[in-house]
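Below is one structure; the comments refer to it alone.
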Amino acid sequence: MKDYRNMFRIFLQASLCAIFVLVYLQDNYGQNSNTDNDSFSEELHIVTDRDIYFAGEEVYLKIYKFNRHTHTPENISKVVYLDIFDNYNNPLIQVKTGIDGYSGSAWFRLPDTIPTGNYLIRAYTGWMKNFSGDLFSARRISVINPFENIKNLRVPVNETLPDTVLFFPETGSIVTGVDNRIGIECLANSGDPVRVSGVVINSSNDTVCHIQTDNSGTGFFTIRPAQSQDMFFVTRVKDGPDKRFILPPATNSGITFSVEDNRAAGQINLFIRKSPGTTIINQVLNLVYSPASMKPFTRYIYPVIDSVISLRHKDLPAGLAKVTITDTDGKILASRWVWNDVTEEIKITLNINSRSPSARGKVKIGINTSDLNGNPVESDLTISVVKSFTTDDSPYREMTRSIGLPSTESFTTGQIFPEINDYLIFLPFSDALLNSNSTDFIPEYYPETYGHSISGNLRNRLTGEPLKNEIISLSFVGKPALCRFTHTDEKGDFSFISREEGPREIVVQPVSRELKGCIVRINDPFILAHKRIYLPPFYLDTSRLDEINNAIIAIQVGNIYTRELNPQKADLNKPEEFDFYGDPDKTILLSDFIELTSLKEVIKEIVPGVTTNTTNDRRNFKMINRHPTGPFENSPMVILDGVPVNDIDIVLGIKPSEIERIEVVNTRYFISDLVIEGIINFKSLKGDLSAIEFDRSIFRREYTGLQPYRKFHLPDYSTDSLRRSRIPDFRNTLFWEPELKTGKNGTAEAEFYTSDEPGEYSIIVEGVTRDGKTGHAKVSFRVDDSQ
């Protein structure tokens, strides 16, 4: 009777659990995906003008910003950091770009000395630095250095015995008595992938299946191992010995599952398979769905009843997640990563005026964007026109392009599968992706919601102790006084917000005249790669050598005629810089007066309301308050070429002939709790602080701000004289427009001129709507050399 009651209790519990799981998974996942305890998480998507470049060329990028949980565009962080590392984790390129909107653009030039190979572009925001680097956005590009020794070019390793074989069981382990899907990767002792053929045999030397890997060394096979049998992968070469690699041991009591992304039904199906000898078949198990950067969801499943579990796309957070089945003690029985693609698609249609334009001919592109029902939609588009051989159209690249994580971009395979989750078997993502799920998450970095954060630390030079609660200033050397002021905290840390662009000389110093002997350290806003990333080798496509050679010639010609083909013009849209205090009360142009013998005499004779005095052997300026609120008790702030200067004697020692103007603010100026009792701003003719011998104890250094905006240059061949110009034009990228928008009618237009070089070119367009729908389109045309 007792056994009967236990069996009835288990059956009732299983029935209730099955009903609960069906209802809860289908209806409540989405309702719980954005609880108050979930930390906000960003993701970026990088688009480049092409996939293959040559050393010394420019790379053009578009960056879209999304909410990782909803995969809709967002505009929280205003600064994006971009970098490229070599194979030894040394940064080759680092760029800060300001993006005040849902998307923005950037560019950088590849070094002339960069070796041929694959490289990873990383992108992240300040807020994303709180999370695993595995969640940074990434985009792989290939670089060819034509000036390298030809011996350095890589070719696929074919029919060589592998030194290492990696096995990737679909859910981490192999289970007896059921079908197990396993990925395989074969590597030579150099680490390069190996193309091999072989068989899987059991301990009785029976052949179980045949395996053939591709040029990436990858392959797939399915086995159903019997109990108590070891299995081996055996590979051989012609007239050579066999080599055996033992597979991971199979468990006689376990569970595995496979994943099917049913896009038509809008759901992810988990097909659960139990080994015949499993002892957990009557248990209630936990199904844990752990999205990256969010808290996991835990639900119950009952293996006796649940052989298929369906999870609706719309009820789960977008993107990467780990699905795990555990027993009641938390022991992992099976787990794997899945990608929940909730992104709805838009249709992008491209119409061009000619599929065979002549050299230097005009090409007009009409673009239409619509939803899948044919309704027009507004879209943020990126369009590039490049030589076709510089694009990578492999199935894996096309399918993982929307993911853009370091792990997916640093892997490659020639295997062709119908959906993305098949490829994820090869990618053992780090569980560090899930570390930010804890409820005690405390951010170390904060979103840069206005501009770039220049942060650092202030300490006493002699004692090394932090200087806390001190007012300090950040200044940019130049004629505009672009001063920022802030306090240090209890640790001596400080942070300034800056929107200044390009390389600038900065000065950081305490405001107090009494505080001397300080050490200022500026933090590097870029972070090193959290782990060394090994990229697959780049193999030159020898079938396209003629096109590659023509492209190399194009670069050399372009370098010679760079100024004629791409004249650098001043950015007329760059905002004018103003002094932080606004308009002065008085401006004195020294050229309007006769030249006096000293700056002290200038102050005395022609600067109204300002005098000098000496107190405690220290010379000071004294200023009259033009408002009847009482006299100033303190000396005014003295600025030279944008930098506050405390030693007045140094300023008064400047020759009047070196000063262009003096601006005076003779009212109180308030910044937060800092009260400035008047300002005297000296602007030298050169504006570079060279008029004085600067105090070397003050922190002064070159600092690169945000990257200035630069529009892609387009040659103009609209007239016969321009078209007949003898300046050669062999551009590898004909057109790049990262800021094209369609209107409410879903249409946009673009036009460009072809170059001198005949051949096949591709027009590539990517688009994102305000609600996160995405689309991609590509058409080709051929420049005809006979016209």
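The values are calculated or read from the model by the stated rules, or taken from the named source; none is laboratory data. Since the structure is predicted, the reported quantities are computational estimates derived from the model, not experimental observations. No Cβ is skipped: glycine too gets one built from the backbone with ideal geometry, and neighbour counts run over all protein chains shown.
Below are the figures for this structure:
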quantity	calculated
Selection status of residue 280, exposed (fewer than 15 other Cβ atoms within 10 Å of the Cβ) and either more than 24 Å from residue 431 (Cα to Cα) or among the polar types (S, T, N, Q) (or both)	no
The listed residue being among the β-branched types (Val, Ile, Thr) and over 12 Å from residue 325 (Cα atoms), out of 305, 255	305
Residue satisfying condition, being buried (at least 17 other Cβ atoms within 10 Å of the Cβ), among the polar types (S, T, N, Q) and out of contact with any His (no Cβ under 9 Å at 6 or more places or on another chain), within set 635, 657	635
Residue in segment 622-634 that is among the polar types (S, T, N, Q) and touching a helix residue (DSSP H, G or I) at 6+ places or on another chain (Cβ under 9 Å) present	no
Residue list for segment 719-744, filter: surrounded by 15 or more Cβ atoms within 10 Å (Cβ to Cβ), modelled with pLDDT under 90 and of a type in the set (A, V, I, L, M, F, W, C)	730
Condition check for residue 605: in contact (Cβ under 8 Å) with a residue 40 or more places away in the chain and either charged (D, E, K, R) or in contact with a helix residue (DSSP H, G or I) (Cβ under 9 Å, 6 or more places away or on another chain) (or both)	no
Matching residues in segment 588-607 - criterion: being under 54 Å from the mean Cα position of the chain (by Cα) and over 24 Å from residue 647 (Cβ atoms)	589, 591, 592
Criterion (among the hydrophobic types (A, V, I, L, M, F, W, C), within 22 Å of residue 499 (Cα to Cα) and either surrounded by fewer than 22 Cβ atoms within 10 Å (Cβ to Cβ) or modelled with pLDDT of 95 or more (or both)) met by exactly one of 46, 114, 76	76
Residue 385, sole failed condition from (1) hydrophobic (A, V, I, L, M, F, W, C); (2) more than 29 Å from residue 100 (Cα to Cα); (3) touching a Phe, Trp or Tyr at 6+ places or on another chain (Cβ under 6 Å)	(2)
Some residue of segment 215-223 being in contact with a Gly (Cβ under 9 Å, 6 or more places away or on another chain) and more than 30 Å from residue 332 (Cβ to Cβ)	yes
Count of segment 117-129 residues which are in contact with an Asp or Glu (Cβ under 8 Å, 6 or more places away or on another chain) and surrounded by fewer than 21 Cβ atoms within 10 Å (Cβ to Cβ)	3
Breaking point among (1) farther than 30 Å from residue 343 by Cβ; (2) surrounded by fewer than 19 Cβ atoms within 10 Å (Cβ to Cβ); (3) among the polar types (S, T, N, Q), for residue 747	(1)
Enumerated strands (runs of 3 or more DSSP E) restricted to segment 602-656, each holding at least 3 residues that are polar (S, T, N, Q)	610-615
Tally of residues being assigned to a strand (DSSP E or B), acidic (Asp, Glu) and surrounded by fewer than 22 Cβ atoms within 10 Å (Cβ to Cβ) across segment 750-787	3
So residue 71, is it buried (at least 22 other Cβ atoms within 10 Å of the Cβ) and over 12 Å from the mean Cα position of the chain (by Cα)	yes
Hits in segment 592-601 - residues which are part of a loop (DSSP other than H, G, I, E, B) and surrounded by 10 or more Cβ atoms within 10 Å (Cβ to Cβ)	593, 595, 596, 598
Near pairs, Cβ below 6 angstrom, 6+ apart or cross-chain, from segment 89-110 (on the phi > 0 side of the Ramachandran plot) to any residue that is surrounded by 16 or more Cβ atoms within 10 Å (Cβ to Cβ) and outside any strand (DSSP E or B)	89/529
Members of segment 664-686 found to be surrounded by fewer than 16 Cβ atoms within 10 Å (Cβ to Cβ) and small (Gly, Ala, Ser), listed by number	672
Segments classed as strands (runs of 3 or more DSSP E), wholly inside segment 194-245, with at least 2 members that are closer than 17 Å to residue 179 by Cβ and at pLDDT 90 or above	197-202, 207-212, 218-223
Tally of residues being without any contact (Cβ under 8 Å) to a residue 12 or more places away in the chain and among the β-branched types (Val, Ile, Thr) across segment 612-653	2
The listed residue being of a type outside the set (A, V, I, L, M, F, W, C), out of contact with any His (no Cβ under 6 Å at 6 or more places or on another chain) and part of a strand (DSSP E or B), out of 728, 708, 715, 738	738
Residue within segment 462-477 that is in contact with a Ser or Thr (Cβ under 8 Å, 6 or more places away or on another chain), without any contact (Cβ under 8 Å) to a residue 40 or more places away in the chain, in a loop (DSSP other than H, G, I, E, B) and on the phi < 0 side of the Ramachandran plot present	yes
